[in-house]
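> The following block contains the structure, expressed as structure tokens.
The values are calculated or read from the model by the stated rules, or taken from the named source; none is laboratory data. Predicted model only: the values in this text are computed from it and were never measured. Neighbour counts are summed over all protein chains in view; Cβ atoms, including those assigned to glycine, are modelled from backbone coordinates with ideal geometry.
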Amino acid sequence: MKVVLLAGGLGTRLAEETEVKPKPMVEIGGKPILWHIMMHYSHYGFNHFAIALGYKGEVIKKYMVDYCSLNSNLTVDFQTGAVTMQGGHRPDWIVDLVDTGMNTLTGGRIKRLAPHIGNETFMATYGDGVSDVNLHDLLAFHKSHGKLVTVTVVHPQARFGHLELNGDQVTEFSEKPQTVEGWINSGFFVLEPEIFDYIDSDDTYWEKEPLERLAKEGQVMAYKHTSFWQCMDTIRDKKLLETLWQTGNAPWKMWEEENANLGNGTQGVHRNNDGAHVVSGRA
């Protein structure tokens, strides 16, 4: 099953990071967040990716082309020009790198990938969010209901502390963020190819007309995820993810250490079993 990764946005709220690279290439623990997302899917056996490129897509192309050599020991024969790689991390990935336009919106990017998907069920997510969602359970849920769309939904988290009042008296004071009511779109979709017919053009937001129409027709089901999810919309979000990684508390890291050359600042297998972790929300 193929996995669509939307990686073409500008990332304007991460401007100091995204002036020279696209948002999915902003690093957590010395690796692009895009790599973290792909490692998550790969952990569950989903290794064929179609990446929708846009802003500074050439940076992602170069990273993918150079990945194996940069993560291996090399022997270079200067007379013949031959380069031999030894060891290193070579994931079992096939990656389609598709230019989908600089200004194309999310729906248009998905539709431009239709020739690479064919007439098959596929997964899709944004190139700026990590989670510990169980992708096998997500796929099983999608197959169980027979609709065209499954979207993984999470509770957003309040950005401020919480006070309980009795009249003017404060009876409880908590600086820890509280999970607020309601559900939001976290990405991590499972989609049927019929959804391409709901997308009109490059100027279509996937989250607007297509999903709104599909929902009205009863074709959208929600997979409720109550554990960790975090998007990287701001520098604050990036710093939070970096702290989780560096302290060995990154819930999205489910792959084994020996399966990856993890680069700078890596720890052992990151799992946090203290309960639900839902941080921030997608605008």
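> Please find, within segment 1-25, the residue that is modelled with the lowest pLDDT out of those that are in contact with a Gly (Cβ under 8 Å, 6 or more places away or on another chain) and surrounded by 22 or more Cβ atoms within 10 Å (Cβ to Cβ).
Result: Gly8.
> Out of curiosity, is Tyr63 among the aromatic types (Phe, Trp, Tyr), surrounded by 16 or more Cβ atoms within 10 Å (Cβ to Cβ) and assigned to a loop (DSSP other than H, G, I, E, B)? Write out each step before concluding.
Values: among the aromatic types (Phe, Trp, Tyr): yes; surrounded by 16 or more Cβ atoms within 10 Å (Cβ to Cβ): yes; assigned to a loop (DSSP other than H, G, I, E, B): no.
No, not satisfied.
> Inspect all residues belonging to segment 16-23 and state whether any of them is outside any helix (DSSP H, G or I), under 18 Å from the mean Cα position of the chain (by Cα) and of a type outside the set (Gly, Ala, Ser).
So in segment 16-23, the residues outside any helix (DSSP H, G or I) come out as 19-22.
Retained after the next criterion (residues that are under 18 Å from the mean Cα position of the chain (by Cα)): 21-22.
Those left that are additionally of a type outside the set (Gly, Ala, Ser): 21-22.
For segment 16-23, residues outside any helix (DSSP H, G or I), under 18 Å from the mean Cα position of the chain (by Cα) and of a type outside the set (Gly, Ala, Ser): present.
For every residue, the table says whether it meets (1) modelled with pLDDT under 95; (2) out of contact with any Ser or Thr (no Cβ under 9 Å at 6 or more places or on another chain); (3) within 29 Å of Gln219 (Cβ to Cβ).
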| position | (1), (2), (3) |
| --- | --- |
| His48 | no, yes, yes |
| Gly54 | no, no, yes |
| Gly81 | yes, yes, no |
| Gly108 | no, no, yes |
| Leu113 | no, no, yes |
| Tyr126 | no, no, yes |
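> Now for a different question. Give just the number: which of (1) modelled with pLDDT under 95; (2) within 19 Å of Pro156 (Cβ to Cβ) does Val220 not satisfy?
Against the list (1) modelled with pLDDT under 95; (2) within 19 Å of Pro156 (Cβ to Cβ), Val220 comes up short only on (1).
> In a loop (DSSP other than H, G, I, E, B), of a type outside the set (S, T, N, Q) and under 23 Å from Met1 (Cα atoms), is that true of Gly187?
Numbers: in a loop (DSSP other than H, G, I, E, B): yes; of a type outside the set (S, T, N, Q): yes; under 23 Å from Met1 (Cα atoms): yes.
Yes: the conditions hold for Gly187.
> Give the residue that is surrounded by the fewest Cβ atoms within 10 Å (Cβ to Cβ), with candidates limited to residues of segment 87-143 that are farther than 23 Å from Gly45 by Cβ and basic (Lys, Arg).
If we take residues in segment 87-143 being farther than 23 Å from Gly45 by Cβ and basic (Lys, Arg), then Arg112 is surrounded by the fewest Cβ atoms within 10 Å (Cβ to Cβ).
> Hey, can you tell me all the residues within segment 135-151 that are among the hydroxyl-bearing types (Ser, Thr, Tyr) and part of a helix (DSSP H, G or I)?
Across segment 135-151, the qualifying residue is only Ser144.
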